[in-house]
Amino acid sequence: MEPEFNLEEYMSHGVENIMKNALKATLSNPKESVFMTKFALTSRKASKLRHEAEENGEHIPPFLIASITSSCNLHCAGCYSRAIDSCNDCVPEGQLDGETWGRLFREAADLGITFVFLAGGEPLLRKDVIMEATKVPEVLFPVITNGTLLKGEYLDIFDKNRNLVPVLSIEGNQKTTDSRRGEGVFSALEKTMNDLDDRGILFGASITVTTENLEEVYSREFVGDLYRKGCKLVIYIEFVSVADDTGGLAPGDGEREIMSDRQSALRSEFDDMIFVSFPGDERAAGGCLAAGRGFFHINSHGGAEPCPFSPYSDSNVREVGLQGALHSDLFRSLTDSELLSLEHSGGCALASKGEEVESMLSR
């Protein structure tokens, strides 16, 4: 079945559209003008590289998710990463150093990967890695951050390097956000948004969607408020439960239908914003995009995983690089199986199928 939605094309064209509209509104932001021109050229070049690889039997996904640290300065309620012990307060031994991440970012550009999402933990705790990303301007790096550290020197770094796009994690209004992330976080986020907007820095918002905040975060009032603050990208991520007492927070089929309808309406009304949902857009794109179909995940120690919600690996990019990881037996087994099909319950096709994925590792 032909996919009805091309996520990479939507993202690429959306960024170009945002920049064009920004330039129509003001002529005082030459940094975005230069970035827009370069991004348009490099995204087309990257797409050509992937197409040429496809013709030679090599599939290269347009997206990579890189969890560059397992450390975080917040203790958010229901945090998935802390629940599976992939996030903590201290810095564990064996994490990839900045130089290694730099080599991986360069390889991503050479392969034709257009978007590298920097995640954590809290990625701004790894300034060395952030600086490596600035050296690869042809790749767009959305940085998924809680926003509390984005000030001072970091504002200067993001201002100078427009291929770094801060994406601020927010749960809804002040009460909703602070109840999950801690008292005062919402106010800190508002200040960060104001600082970014004052400098004309493109930024986005990342929202974990639950049955409790769904109505709020998909409302035109909430999105309109983000828009007025300067937000141009909204990433909706369905809550994935890792504990029996949080199962009721995960959106079901009825909620997903509402989310899909609301997102379509938001895309029409706010046409110079980008709206992305996981796994909602995956369904429209022809199924789960993990394991290299559309993206894959590198954890802070270099393990190549199908996605952040399926933390299993049989290869490490220290030894095999990104291209070698795409050829891993696990990824091949997953893409040849039915586990990535459209039909699944919960917010992720693989999150509830750990036993099946583990069985592939032992083959």
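The values are calculated or read from the model by the stated rules, or taken from the named source; none is laboratory data. Owing to the predicted nature of the structure, the values given are computational and were not obtained by experimental measurement. Please note: Cβ atoms are built from the backbone with ideal geometry, for glycine as well, and neighbour counts cover all protein chains shown. For the accessible areas, the whole protein counts, side chains as well, though only heavy atoms, and no ligand, DNA or RNA atoms are used. Shrake-Rupley method; radii C 1.70, N 1.55, O 1.52, S 1.80 Å.
Just a few scattered comments:
- Convex hull volume of the range 159-247 per residue (C-alpha atoms, cubic angstrom): 101 Å³
- Residue 197 accessible area, assembled protein chains, probe 1.4 Å, Å²: 70 Å²
- Largest to smallest accessible area among 227, 218, 312 [probe 1.4 Å]: 227, 312, 218
- Long-range amide H partners of residue 206 with built H, under 5 Å: 168, 169, 170, 235
- Set of lysines with alpha-carbon distance to residue 229 below 28 Å, sequence-local pairs under 8 removed: 20, 24, 31, 38, 127, 151, 160, 175, 191
- Converting phi to 3J(HN,Hα) with the Karplus coefficients 6.51, -1.76 and 1.60 and the offset θ = phi - 60°, the range 198-213 yields 4, 8, x, 8, 4, 9, x, 10, 10, 10, 7, 8, 10, 5, 7, 10 Hz in sequence order, with x at every glycine or proline.
- Backbone geometry of the range 253-261 corresponds, through the Karplus equation with coefficients 6.51, -1.76 and 1.60 at θ = phi - 60°, to 3J(HN,Hα) couplings of 4, x, 5, 5, 5, 4, 4, 5, 5 Hz, x marking Gly and Pro.
- One chain, two ends: residue 73 and residue 106. Fully extended at 0.36 nm per residue, the span grows by 9.0 nm beyond their Cα-Cα distance.
- Local electrostatic count at residue 151 - Lys and Arg +1, Asp and Glu -1, tallied over other residues with Cβ under 11 Å: -2
- Distance between modelled label sites at residue 48 and residue 9, nm, 7 Å Cα→Cβ extension: 1.9 nm
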